[in-house]
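*Asks:* Handing you this structure, nothing more for now.
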Amino acid sequence: MAKIIPPKKQRKKPHSLKPARFLDPKSDLVFKNIFGNKKEITISFLNSILPFPEGHLIEAIEYLPSEQTPRIPTMKNTIVDVKCTDQQGNFFIIEMQFNWFTSFMKRMLFGASKAFVQQLGKGEDYESLCPVYGLAILNENFDTSNEWFHHYKTVNIKNPNITLPGLELFFLELQKFKPQTFEHKKMGILWLRFLKEIDENVCDVPPEFLENKLISEALEMAQESAYTPAQLETYDRYWDAIRVEKTIARDAKKEGERIGIKKGIEQGIEQNKVETAKSMIMAGCNTELIAQVSHFSPDFIEKLKKEL
């Protein structure tokens, strides 16, 4: 009887994308489309980049409707708000934002605090309050250290292991993120690389992105063809607004430095005039001569004499 040789098992080819122009997932439109609509993707993203303890990973999320999330003018860059349930059945809320501004930390704390407070309705007990985590994925550096992952929470000063639960803030600086120094999960590396590397200039998508089902799905949702002309116009306006805001901030900084230098020079000249007047007083010069040299009024010179 002839031996039947089974055919070689064909290796499954990774899902591939048609050549397309990608939109930057760091824009609010694309980020919200990806992480504000697909629960499986959002759960993977949050579990991968946040330091949840073992047994407390997110199992389910609920997208919060607009009326349950704080709508504050200074918090205009809040993108996605989700209510999460962990493996222990605990609830918590996560707010995701982008972009760094001078007062960003205070804005983030204010927004997370507002989300914490707004949970409590009339007659409800404080025990019903869920912890709130504020997550900011920043496309600019705000800290001079080499650290790119910043975690803030309320701790007991004498014993930092004792914490006051309620609010925790996370700031991730994408520009500093380097995969070879990342000590967390492999999936976290892929998600942060996705946010950092994918933009309009991408021609070749890394194969490891395509081999992962969720990352590949997120790539499809970032393709320009997935958006209407009106949405693409909104996308362009978003980046125009970001550029204008940065330009204004940069110009304001330069103007502030120019004014500061000018004021410093003026203060230095003024102080030199005062010291000259004092020296002339100590040398016994009369008030009229001192006034002519220093250009101070006689009354001011008399005041200096009393001080000396």
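*Asks:* Give the order of Met282, Met108 when sorted by the count of other beta carbons within 10 angstrom, beginning with the fewest.
*Replies:* Ascending number of Cβ neighbours within 10 Å: Met282, Met108.
*Asks:* Quick check on my link table: of Lys114/Lys158; Lys83/Lys114; Lys196/Lys254, which ones sit more than 22 Å apart, alpha carbon to alpha carbon?
*Replies:* As for pairs spanning more than 22 Å Cα to Cα, those are Lys114/Lys158; Lys196/Lys254.
*Asks:* Neighbouring Cβ atoms within 10 Å as the yardstick, rank Val117, Val132 fewest first.
*Replies:* Fewest-to-most Cβ neighbours within 10 Å comes out as Val117, Val132.
*Asks:* I need the GluC sites (Glu not before Pro) found in the range 125-154, filtered to DSSP loop residues with at most 15 other beta carbons within 10 Å of theirs.
*Replies:* Qualifying residues, ordered by number: Glu140, Glu147.
*Asks:* For a quick check: sort Thr144, Thr234 by the number of other beta carbons within 10 angstrom, fewest at the front.
*Replies:* Sorted ascending by nearby Cβ count, the order is Thr144, Thr234.
*Asks:* I've got another one for you. Do you know the relative contact order of the range 28-227, to the nearest whole percent, from alpha carbon pairs under 8 angstrom that are 6+ apart?
*Replies:* 18 percent
A short reminder: the numbers here are calculations on the coordinates, not readings from a lab. Bear in mind that the values here come from a model prediction, so they are computed numbers and not experimental data. Cβ atoms come from the backbone with ideal geometry, glycine included; neighbour counts cover every protein chain shown.
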